[in-house]
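The values are calculated or read from the model by the stated rules, or taken from the named source; none is laboratory data. None of these values were measured; they are calculated from a predicted model. As a convention, Cβ positions derive from the backbone with ideal geometry for all residues, glycine included, and neighbour counts pool all protein chains shown.
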Amino acid sequence: MRSGLVLGELAEAPLVALAMAGDDTAYGELVRRRQSSIRNLMRRLSRNAALADDLAQQVFLQAWRSLGGLKSATAFGAWLRKLAVNVWLQYQRANRPTSDVEPVLSITPALSERIDLDAALAAIPPDMRLCVVLAYSEGMSHSEISAATGLPLGTVKSHVLRGASRLRVLLDSYENDVGARHAG
Amino acid sequence: MPDEDNPDLRRLFAAADVTLPAEPFVSELAQRLGRQQRLRFYRRLCVATVLLIAAALATPIVSLLSLELARAATEQLADLLVSPWAVAASPLIGVLVLLRMRARYR
């Protein structure tokens, strides 16, 4: 029986190869290494820690079921991330709000005190949020985001640009407000 | 490779990343995986059982039917099979089959 210590020292590619061959212990080690980034991604997208963890579990369950279809062990990270985006998009489609009105956030002094990056992300529409998170948090290119989400490349570029601009406005407003309160 | 050139925003995102504890997430996932594996096993067991029962029930019927068809075919074709023409034709048919097999596997 392979010890957990030995698996912990392995690089990711051999671990993935072992998991693809049916080694559940190796898959468990992969989950340990990747769970934080996938859960953080889901938290940024869903703005709900419990929902994010449930969606992250679905990602790893789907990954376990379809690991045999992975073409290369070195592509595991990007493949897992694409799976996570698919799980999020499936959740969104199944739980689409009845109206498509964009959320409007007016910056009141009380609100701006509480605002932070996650709250600022919550203030932008879901598709825009997804593109901004994938671009800035996951470091994906526009074409990679387009391939992962199914959105046209032009739409992705527009979402990332406008989303980043809105985030800057919201976060600058927060900093100014905090600064004014400290000065006053 | 990212396209964006906004280092402030990228720094903000990097700073907001927290390392989340593996437990109890990994334990809960292990339990769900175990349940899925058991469900998959029971599903396969059910399918195999149904197929076995269907085969066991169908075997007498299929056997009887096969015997009946073989008997009927023998009765109908007996005259032809034991005729001089059949005796002459059967080695020719065998040779033809052998020649086709040689041509296919060359």
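Worth a mention:
- Filtered residue count, segment A:37-64, keeping only those that are more than 11 Å from chain B (Cβ to nearest Cβ), closer than 16 Å to residue A:124 by Cα and in a helix (DSSP H, G or I): 2
- Residues within segment A:17-36 that are within 30 Å of residue A:121 (Cα to Cα) and aliphatic (A, V, I, L, M), tallied: 2
- Answer residue from segment A:28-84, given it is of a type in the set (Asp, Glu) and free of Cβ contacts under 8 Å to residues at least 24 places away in the same chain and is surrounded by the most Cβ atoms within 10 Å (Cβ to Cβ) among those: A:53
- Residue identified as on the phi < 0 side of the Ramachandran plot and either facing chain B (nearest Cβ under 10 Å) or modelled with pLDDT of 90 or more (or both) among A:182, A:159: A:159
- Among the candidates A:105, A:170, the residue that is at pLDDT below 90 and part of a helix (DSSP H, G or I) is uniquely A:170.
- Among the residues of segment B:9-62, those identified as at the interface with another protein chain (Cβ under 8 Å from one of its Cβ atoms) and either more than 23 Å from residue A:39 (Cα to Cα) or touching a Leu at 6+ places or on another chain (Cβ under 9 Å) (or both) are B:9, B:12, B:13, B:16, B:29, B:32, B:33, B:36.
- You will find that of A:110, A:147, A:135, the residue that is out of contact with any helix residue (DSSP H, G or I) (no Cβ under 6 Å at 6 or more places or on another chain), part of a helix (DSSP H, G or I) and modelled with pLDDT of 90 or more is A:147 and no other.
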